[in-house]
Amino acid sequence: MINNNVGVVAGLDFTSVIGPDALREMLAQGRPVLVIVRNANPNKYGVAEAILELRRTAEALRNKVGIDISEFLPTEGSIEIAFENAPTIRTKAERAGKELLHKFVRFEPTSGLVILMGVGTGRGLSETGQQPWVQRVIEEVNRSSPALLYVHRIDRLSRHILSISEVLKACQSRQTMVGEPQNGISVPSNLNWLMNLFLSSGGENETKQSPVANRGRESSGL
């Protein structure tokens, strides 16, 4: 894991936040925004797609939530270097003779903002039944205790539907709100869990129904 503190400066402006009062209160208390980005391919092509998705996520966060992180985003070059230097996490897969490959990088470019990026499957499980990307996201939620976890699509948390519940449980424990452009911001209550799990199931079903074609889609960030 790489932790890049890129020139901490004044911090984010939360004066124009669009969302629940509870979110504004948590941000005022100094709890950060956690931006999550993942791509399935554990290689330079996956990194390139993750960089594009980070830009899209930042745009959505500005337009939908009123939080502009654009001037604090790490450069394309710094992200590429971070991934090059990050260790490859090799995990024995549930299928005998297979292994899961992941790389994770973390940026904390300014006060109030944490960016976690990963490349590698969001669906494959380890031999102990864990999803490595999900476990890294949970670790970050517990570490940062963010006011808001924001993703471009809910299946960026995982393409394994049951693993999503583990992330949402961690968010509920920390009173972290979860947001994405299509469905807005919500507290991960039991009802919202069910809604988010239903939405995320589309990503898992894509993977199951068309594994060959899906490799091409996942290389485009799906």
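What to note about this one:
- Each residue of segment 87-98 was assigned a 3J(HN,Hα) from its phi angle through the Karplus expression (A = 6.51, B = -1.76, C = 1.60, θ = phi - 60°), giving x, 7, 8, 9, 10, 4, 8, 5, 7, 4, x, 10 Hz with x at Gly and Pro.
- For segment 54-98, the set of trypsin sites (Lys or Arg not before Pro) satisfying both a DSSP loop assignment and a count of at most 12 other C-beta atoms within 10 Å is given as ARG95, LYS98.
- ILE18/SER126 FRET efficiency (R0 41 Å; Cβ-Cβ; nearest 0.05): 0.60
- Nonlocal amide H pairs with ARG159, under 5 Å, H built at 1.01 Å: GLY122, ARG123
- FRET E, pair GLN175, GLN135, Förster distance 25 Å, beta-carbon r, rounded to 0.05: 0.75
- Placing unit charges on each Cβ (+1 for Lys and Arg, -1 for Asp and Glu) gives segment 58-136 a dipole about its Cα centre, and among ALA82, VAL119, VAL65 the Cα reaching farthest toward its positive end belongs to VAL119.
- Summarising the label geometry, the points placed 7 Å from Cα in the beta-carbon direction at ASN142 and GLN182 lie 3.0 nm from one another.
- Label zone (GLU80, point 7 Å along Cα-to-C-beta; backbone nitrogen cut-off 19 Å) within segment 47-71: 47-56.
- With a Cα cut-off of under 24 Å and a minimum spacing of 8 residues unless on different chains, the lysine pairs in segment 39-145 number 4.
- Rounded to whole numbers, the Karplus 3J(HN,Hα) couplings from phi for segment 70-79 are 4, 6, 9, 5, x, 5, 4, x, 5, 5 Hz, using 6.51 cos²θ - 1.76 cosθ + 1.60 with θ = phi - 60°, and x at Gly and Pro.
Rule-based calculations on the coordinates, nothing more; no lab input. Quick caveat, the model's predicted, so the values are computed rather than measured. Cβ sites come from the backbone with ideal geometry, for glycine too, and all protein chains shown count toward neighbours.
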